[in-house]
Structures are given as structure tokens and as C-alpha cells.
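The values are calculated or read from the model by the stated rules, or taken from the named source; none is laboratory data. As the structure is a computational prediction, the values presented were derived from the model and not from experiment. All Cβ positions, even for glycine, are placed from backbone atoms using ideal geometry, and neighbour counts span all protein chains on display. Protein only, heavy atoms only, side chains kept; ligands, DNA and RNA dropped before computing areas. Shrake-Rupley method; radii C 1.70, N 1.55, O 1.52, S 1.80 Å.
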Amino acid sequence: MATSPCSSSGVSSSSSSGLGADAGLEIRTRSVEQTLVPLVSQITTLINHKDKPKRSDKTLQAIQRVGQAVNLAVGRFVTVGEAIANENHELKEEMSVACIEARRAGETIAQLTDVASLDHPESDSHITIFTDKTGVVKAARLLLSSVTKVLVLADRIVIKQIITSRNKVLATMEQLEKVSSFQEFVQIFSQFGNEMVEFAHLTGDRQNDLKDEKKKARMAASRAVLEKCTMMLLTASKTCLRHPDCESARINKDGVFHRMRLALEQVIEIVTDSRPNGENEMAPISIYSGIKEFKNKVEGLRENLYFLSKENLSTMLEVILEHTEDFTDSAYTSHEHREHILELSKQAKMELEQLVSVWMQAQNQKTKDLMEDLEVAILKTCQCMNELKREVHSAATSLAADLLKYHTDHMVLKALKITGVEGNLEAVAEYTCKLSEQKEQLVEMCRLLRHVSGTEPLEITCIHAEDTFQVTGPQIISAAETLALHPSSKIAKENLEVFCEAWESQLSDMSLLLREINDVFEGRRGEKRVYLSLPRPGKHNANLKALKPVKLDTEEQAKIAKLGLELHLLTSDVDSETEKWEDQENEIVQHGQGMSSMAYSMYLFTRGEGLLKTTQDLFHQAEIFATEGTKLASALHAFSEQVHEDDKPLLLLEAEKLISVCKQLQITSKASAQGKSATFTKVDACILKTRNVMTLLCQLLPLCFKLLRKNKGGNGCLKPAPPWKEDRIRTGTNAHTPERRAETFGIKSLENHVTNMTFLESK
């Protein structure tokens, strides 16, 4: 399906000063939003200054400096925007118009703030910020609108890159489906692996940049599918090539390709904010969200007796009670839970009837007694809904805990592997029936957990888990049937192993999900979200023998437990430091939180828990962690340009230390390790070097926080940005390489020129 990147662009922004960008545009990414923050701050400062009665020479000079700084920064910003337009002809016209508007608005603001040299800046003979109040507001609005348009247009380029990458992956997948020889398959799969790596990096960056947590969760789910399906595609395709006349092998392979296509399509829907054929996304309604909305409406009656009708309230309760039928009709809900849910449903109807009766009376006659009766009715209704919520939560989580405990031994999967190798078709058929029963139980568990998950991202995770069990179950069955038909086939055996591992992995993930759902219900902070990124595919040789991932045994886990605990304590320290920052969107904070999250997942690995299952997962996580640290060092270099000269050397020294330890970690994580002893040594080294990075991070964050406060509280303004180097946008031979273009064009380059503008704080 051809998808236009244009549909995802838009901006809707406003500030406390009443400034607003184009209402037809909506900001959907953090990078665009963060780039606008300093510009909004600058302009808000100017607007706030204009009504002050006393204006000293210092104030007038400061206002003029800010106006000139805005104009210069906009000029540099526009130059980059124009360069982007020249590189992307389909956006050239729109980008050029937005750049012209931004330049004009910047010049207007510079003219209106040219007040320092005037004896009487209030004089009508010279139009200034003091005499033309509407003019500066109009120019400010135009500037925000046009700059935002430029940013959103640049963001379209990122979307276009993702779509182009997806199209390349799809085209190569089509070639893989049609191959008939191993040699051809090896060649094309190597290309496919490289394309998947590119797609993984682009979508990973986009996932982290999305503002909408629901979209983030959907993106994470889609990327997780692609991650697991990449290995499935390899073994399923090899099995099909080895046994071309086997129907179950073909069904198995087709299922993988179909699921990957659906996941690729969902990624594009998220980044372009569109649905096929113009369909609207139907968000599933959970019992939790229904109860929350219902209680808000009921409690709203304290403030306003007339803001909704009794029919609306009754309909809302009916919808909630209809959803409780998912529990009462389920064969897996205990008799005790079923009875309690039915009793509470009946009680909820009675409490609402009583509430409506008192509410209608209070509308006609607002006496003290009636208002007291209304308060009692509101409290009793809300209390009943809380008890219903608690009961369905208990029903869902107890079922999940029991099922996960019962299936933890993976007996059915083990039996399928054994009977498959024996070629026992009858026994395989028997165990596939048992697996189908297990699948139905787990699917029902996911549906019930969705109702009590508590947050939209967790709801989406439950839906993803349900889909995974629904799809993986039949794929295991087809893989087992293939092995039973060809019991001596090593590739058929390997293929079944891969699908069984995916099932086991999803069961393990469900344990983490259950814990997080309980944390949300009990008001505790949930587990840290682990950084999800597709692993880099290994280099496959001619016969496609993939390296087997290694897991640590109990003794090895015990050896690194102390290091892991130290890592855990350091993540807590980093979290405490980042929570001190008022601006949680600050780039330094964002990188710090990301690194803390990744370090936490590595700590969980030392305990044999979490989403990092193998040593290869750990090494990949360490590599990503080191990359994030390098990005933080770049942010520190940018921050150093805004601090006083006296503080700059110390900050740069710490940044260089960070780069050094991150490089050491990258080298360690990429080093080859053959054999159990060497692998454990590498694990130990990665954890140790990660601890060193986190120790340095614990020193860096308070330093940056201190410098930020010092610069804001000292003389009221940060140091002006250095002159922008014009050669950043030269399009020489080197500028056309992908790495150079990624560095020079796009949101990041635009972001740098707006972020480096000076700040003038209102005093």
C-alpha cells in the first residue's frame, strides 16, 4: 500500500502568553516539541517585557539583544530549512514558503526590539515593541507558525525514510518467498538482514521520539513481532526449501510472512497516523477505563447537577456490566469470583437507581438534606464500583498466576519435540490438541488481563500477547507436523525449536506484565520499561548455521549477582537525580533516563529475569547503552556552549570521560567470545563497564543540574551561542553520504540552531 508521509505532519501549540501556532498542525514527536521550547521562551520573554512601566538602559539593551538573537537564530534555521528543501524537491515549495515567512517574522521582531539606541522608545515616531503591541504578537505568532511548519516538513523526511525502508524490506521479502535454491536464499537473506537492521534503527528512533504513549506501545509491539519473526522466517524458509512438497512446512512459512507484513503495515500506520481505507481505529474499552470515566461523571455531580443526563449515566454502567460478562461467561473464572461479580453488578444497578432518584430531587429542590443524601449516594456508588474493580482484578490476576505457574514446565512443547523426532504422528496429533487447549486458556487470560491492566500502554501489551499466542500456537503445530513427517530432518527440528522458544519467551514476558499490572493497581511504580530494539542479525554462512545464544547457569548468575546489585543501586541513584529536574523533556534527562532503563534490564539479566534472555541479548543491550551514552556526551557538549567560561572545562572533561568509558564498553560488547568460559568473562566485563558508565552518570547529572540553576539564577541569561558554521550545509561530495546527510539535514540540525538561542529570563 502506498502511504503518503504528509498525513502524519501537523502542529498544534500554544503558550501561556497566548501565542498559538497554526491550529491545523499537530506536534506528534518530542524532537519537534523540544526544538520549539526555547523559541517560545524567548518570545514569551519579549511579550512579558512590553507592559513593564520602568525600563532601565540594561533592560532595553537586553530586549534588543534578545530580538537580534531571535532574528539571527531564525536566519540560520531558515538556511538549513532551505538546504533541506533543495535536497527534497517534493517538499521544496511548502518549505520555501514557510522559510520566507519565518525570515520575515524574525526581521520584524528585530525591528520592533531595536530600542536600546532610542531616547524615547515609547514615542510614536518610531514603531517599537512598546508602541505596537499587536505587531509584536502578530510577528511572534507568524514566527512560531512558520518555524513549526518547517520542523514538521523536516519530520516528513524522517517518515519518508521509514516508508522507503519498509518498501525495501517488503520487496526483498517477496524475493525470499519465491527462491528455489539454498544458494539464492543465502544471498537474498543477507540483503534482507541488512535492510531489517536499517528499518529497526529508524523505527527505534521514531518509537523513542513519539509523544503518544499508546502509539509508543503499539510500535514496540510491532517491532517485537518483527524481531521474533526474523529468525522464524529464516528457519521456516530453510525447512520449506529442504522439504518443498511438504504442505505443513509451506503453511508454517506462509504464516511467518503474513505476520511480518501485518507488523510492517502497522508500523507505517503509526508513523503516518493513518489507517487503510480511511478506517478509524477502534480503541478497545476495558472495564478499568469504563469505571474510571463513570466515577468521574458521578463525582462531577457535586459541582454541577445538570451537566449530563441520567440516561447517559445508565448507559455507561450498562456498558461496564456488559464487559463483566467476559468474566462471568468465562470457563476459567472461579465460581467464587463469578458469584461476587454478579452480586456487585446487581448492587451497582441499585446504587445508581438510588443516586438518580436523589439527583433528580436535588435538581428540583436544592436543600441541605437533599445535598447530604446526594453526597452519600455518590460515595456509595463509587465504593461499589471500586469493589467491582477489585473483584475483576483479583479474578484476572489469580487466573493468570495459576496458568503461568501451571505451564511453566512446558511439558506439551517438550512432548511435541520428542514425538516429532520419533515420527509418531498419532502422538503429535494428541499433543497438538493439548497445545490448542493451552492456547485458548492463555488467550482468555490475556483478554481478561486487558480489562484490568490500568493503562493504555499495558492494554496494548495485553492485546499483543493475545495475538502472539493466537498465531504462534498454530505455527508450532505446523512445525511439529513437519518434523513428524520428516523425523530425521535437522532443519525441521531446529524450526520447531525456534517456534517453541517464541512461545516460552511470551510466557516469560507475561510474568513481567502481570507484575506490572499488579504494581499499577496497588499504586506502586511499575517495572522500568526495557529499551526494545531489534538485535543485529548475525553473519550467516553458506549453510545458514546460526550461532546458538547462550544462557547463564545458576553458578554464573551467582558470581555476577554482586555486580548486578551495584548496577541496581546506581539506577536508583540516577532516577533520583533525573526526578529533580523540572524539565523532564530536557535532552540530558531523556538520555539519562534511557540509560538507567537499559542498565536496569541488564541488572534483571543478572537475576535470570527480564526481557534479556541470552548473553547475546545482553551484549546487544550493552552496545545500545554505550551508543546512548555517546549521545548524552554530545548533548553535554551542546550544553557546555550555554554555560559560563569558568564552568565549561569541567563539564567538557566529564563529557570526554563519558565518551572514553562508552567506547570501552562498545569494544567489549562487540568482541568475539568462543566457549562458555570466554562468554562468561565477556558478560562480566560488560556488566562491570556498564557499572562504570552509570557511576560517572551519577556524578554528571548533579553537575549539570547545578550549572543549569547557576546560569538561570546568576545574571539571568545564558551565554550566547557561537556563530553558526556555514559549511555545515555545504553539499559537497562528502555531504551526500548517508551518514553525512543524516547529520546535516533534518530535525536534529534544525533543533541545534533553535536550541542555541540565548535566554532572557523575566525578572
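Please determine whether any residue of the range 417-427 is open to solvent by less than 50 Å² (accessible area, probe 1.4 Å), of a type outside the set (Lys, Arg) and under 28 Å from Lys216 (Cβ atoms). Scanning the range 417-427 turns up no residue that is open to solvent by less than 50 Å² (accessible area, probe 1.4 Å), of a type outside the set (Lys, Arg) and under 28 Å from Lys216 (Cβ atoms). The selection criterion, being in a loop (DSSP other than H, G, I, E, B), under 32 Å from the mean Cα position of the chain (by Cα) and assigned by the TED database to the domain that holds Ala561, holds for Ser672. Among the numbered conditions (1) open to solvent by 20 Å² or more (accessible area, probe 1.4 Å); (2) farther than 15 Å from Phe499 by Cβ, the only one that Val412 does not meet is (2).
Can you confirm whether Glu556 is assigned to a helix (DSSP H, G or I), surrounded by 17 or more Cβ atoms within 10 Å (Cβ to Cβ) and modelled with pLDDT under 80? Yes; evaluated as a whole, the condition is true for this residue. Among the conditions (1) surrounded by fewer than 19 Cβ atoms within 10 Å (Cβ to Cβ); (2) polar (S, T, N, Q); (3) over 29 Å from the mean Cα position of the chain (by Cα), Gln470 misses just one, which is (3). Of the set (1) out of contact with any Gly (no Cβ under 6 Å at 6 or more places or on another chain); (2) at pLDDT 95 or above, all apply to Lys439 but (1). Just to be sure, is Ala492 touching a helix residue (DSSP H, G or I) at 6+ places or on another chain (Cβ under 7 Å), farther than 24 Å from Asp519 by Cα, assigned to a helix (DSSP H, G or I) and modelled with pLDDT under 95? No; evaluated as a whole, the condition is false for this residue. Of the set (1) in contact with a Ser or Thr (Cβ under 6 Å, 6 or more places away or on another chain); (2) open to solvent by 20 Å² or more (accessible area, probe 1.4 Å), all apply to Phe192 but (2).
For the structure I just gave you, tell me whether Ser146 is assigned to a helix (DSSP H, G or I), at pLDDT 80 or above, touching a Cys at 6+ places or on another chain (Cβ under 8 Å) and not hydrophobic (A, V, I, L, M, F, W, C).
yes
Can Ile157 be described as open to solvent by less than 10 Å² (accessible area, probe 1.4 Å), among the aliphatic types (A, V, I, L, M) and in contact (Cβ under 8 Å) with a residue 24 or more places away in the chain? In short, no.
Summed over the range 178-189, residues that are out of contact with any Ser or Thr (no Cβ under 9 Å at 6 or more places or on another chain) and in a helix (DSSP H, G or I) total 6.
Yes/no per residue for (1) in contact (Cβ under 8 Å) with a residue 12 or more places away in the chain; (2) closer than 19 Å to Val392 by Cβ; (3) crowded, with 16+ Cβ neighbours inside 10 Å:
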residue: Glu303; (1), (2), (3): no, no, no
residue: Leu317; (1), (2), (3): yes, yes, yes
residue: Asp329; (1), (2), (3): no, yes, no
residue: Leu352; (1), (2), (3): yes, yes, yes
residue: Asp373; (1), (2), (3): yes, no, yes
residue: Ala377; (1), (2), (3): yes, no, yes
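Checking every residue in the range 460-483 against the condition of being outside the structural domain of Ala395 (by the TED database), part of a loop (DSSP other than H, G, I, E, B) and not charged (D, E, K, R) gives zero matches. Scanning the range 242-256 for residues that are surrounded by fewer than 18 Cβ atoms within 10 Å (Cβ to Cβ) and not basic (Lys, Arg) yields Pro244, Asp245, Glu247, Asp254.
Which members of the range 478-488 meet the condition of being hydrophobic (A, V, I, L, M, F, W, C) and open to solvent by 30 Å² or more (accessible area, probe 1.4 Å)? Answer for the range 478-488, where residues must be hydrophobic (A, V, I, L, M, F, W, C) and open to solvent by 30 Å² or more (accessible area, probe 1.4 Å): just Leu485.
Specify which of the listed residues (Gln207, Gln175) is more than 22 Å from Leu458 (Cβ to Cβ) and either buried (at least 20 other Cβ atoms within 10 Å of the Cβ) or out of contact with any Ser or Thr (no Cβ under 9 Å at 6 or more places or on another chain) (or both).
On inspection, the qualifying residue turns out to be Gln175.
What are the residues in the range 247-285 that are at pLDDT below 90, among the small types (Gly, Ala, Ser) and either outside any helix (DSSP H, G or I) or within 20 Å of the chain's Cα centre (by Cα) (or both), if any? Within the range 247-285, Ser274, Ala283 meet the criteria. For the range 169-198, taking the residues that are free of Cβ contacts under 8 Å to residues at least 40 places away in the same chain and closer than 19 Å to Met219 by Cβ, the one that is nearest to the chain's Cα centre (by Cα) is identified as Glu198. Residues of the range 666-682 that are among the hydrophobic types (A, V, I, L, M, F, W, C) and at pLDDT 90 or above: Ile667 alone.
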